[in-house]
Amino acid sequence: MTTNGITLARKLPKLKDCGLNAVNISLDTLVPAKFEFMTRRKGHERVMKSINAAIDLGYNPVKVNCVIMRGFNDDEICDFVELTREKPVNIRFIEFMPFDGNVWNVKKLVPYAEMLDIVVKRFTGVKRLRDHPTDTAKNFRIDGHQGTVSFITSMTEHFCAGCSRLRLLADGNFKVCLFGPSEVSLRDPLRRNAEDHELREIIGAAVKRKKASHAGMFDIAKTANRPMIHIGG
């Protein structure tokens, strides 16, 4: 489950009883004032409480998604990495990606290579882990740290060839590519009581139409697509 973590802490025990065993929590800053500026509400302390509660309850993995933007939170990269020293958490640095409404600008993009260089210069024993063929992240472990660090490099080193992700949206549409505007409705055939084999055919046909790679960050920025808040984590 991907969540902003604001009200998560009190729900975690019940969610675990229901079978949930892993969480992705979005957090772009460790500075409460920045958090309030970006989200337009207080709640940084509650998000941190949710992260710690998930760890204490044995959720595994506990991932923290952090979109890095130049001039906003790129000075916090090492602070986020420090969290992995004592916490078995996976910090995932995400390149700033263009979506409707997020005022994307390439000048705000901090490339993966630059982020990794910052980490390597600060920490010793940074080692690349073996990634699964369908992983969307490049994963690293640092000597002496309980947790791990990952980079999602969608803009500068795309991983389209190995991406097996499909996204089902809240309105019943699904996307075969996060950056593509194309969507296919599953809601409508479900409301017509479509058989399972019909749904498999619809999904299979959409997957076969998936392109080999996304269009590149500059073309993506000019393409109409939903805001990420409407797509979901």
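Considering only alpha-carbon pairs that sit under 8 angstrom and 6 or more positions apart, the relative contact order computed for segment 164-213 is 26 percent.
Within the listed set M115, M69, M38, the Gaussian network model of the chain (springs between alpha-carbon atoms below 10 Å) gives the highest mean-square fluctuation for M38.
Take every Cα-Cα pair in the chain and report what % of them are more than 27 Å apart. Here the tail beyond 27 Å accounts for 40 percent of pairs.
Residue separation of E45 and N60 scaled by 0.36 nm, minus their Cα-Cα distance, works out to 3.3 nm of gained length.
All alpha carbon pair distances within segment 136-193 were sorted into 5 Å bins beginning at 0; the resulting P(r) in whole percents reads 4, 15, 17, 15, 13, 12, 9, 7, 5, 2, 1, 0.
Can you put C163, C18, C78, C66 in order of Cβ neighbours within 10 angstrom, beginning with the fewest?
C18, C78, C163, C66
Order these by the 10 Å Cβ neighbour count, fewest first: R40, R187.
R40, R187
Could you state, as a whole-number percent, how many of the C-alpha pairs of segment 164-213 are farther apart than 17 Å?
Of the Cα pairs, 31 percent sit more than 17 Å apart.
Once the C-beta distance of E36 and R85 is scaled by a Förster radius of 25 Å, the resulting FRET efficiency is 0.40 to the nearest 0.05. May I ask you to list the residues of segment 49-91 whose amide nitrogen lies under 17 Å from a point 7 Å from Cα along the Cα→beta-carbon direction of V106? Counting backbone N atoms under 17 Å from the label point, the list is 70.
Given only helices, namely DSSP H runs of n ≥ 4 each adding -39500 (n - 2.57), what is the per-residue ellipticity at 222 nm of the chain, to the nearest 500 deg cm²/dmol?
It lands at -9000 deg cm²/dmol.
Determine the relative contact order of the chain: mean sequence separation of Cα pairs under 8 Å and six or more apart, normalised by residue count, in whole percent. That works out to 16 percent. If the chain linking T124 and A194 were pulled fully straight, counting 0.36 nm for each residue of separation and taking away their Cα-Cα distance, it would gain 19.6 nm. Taking the number of Cβ atoms within 10 Å of each Cβ as an exposure proxy, the fewest-first ranking of H158, H44, H197, H132 is H197, H132, H158, H44.
Only the coordinates and a few stated rules stand behind these numbers; no lab work does. Everything numeric here is computed off the predicted structure, so don't read it as measured data. Reconstructed Cβ throughout: ideal geometry from the backbone, glycine too, with neighbour counts over all protein chains shown.
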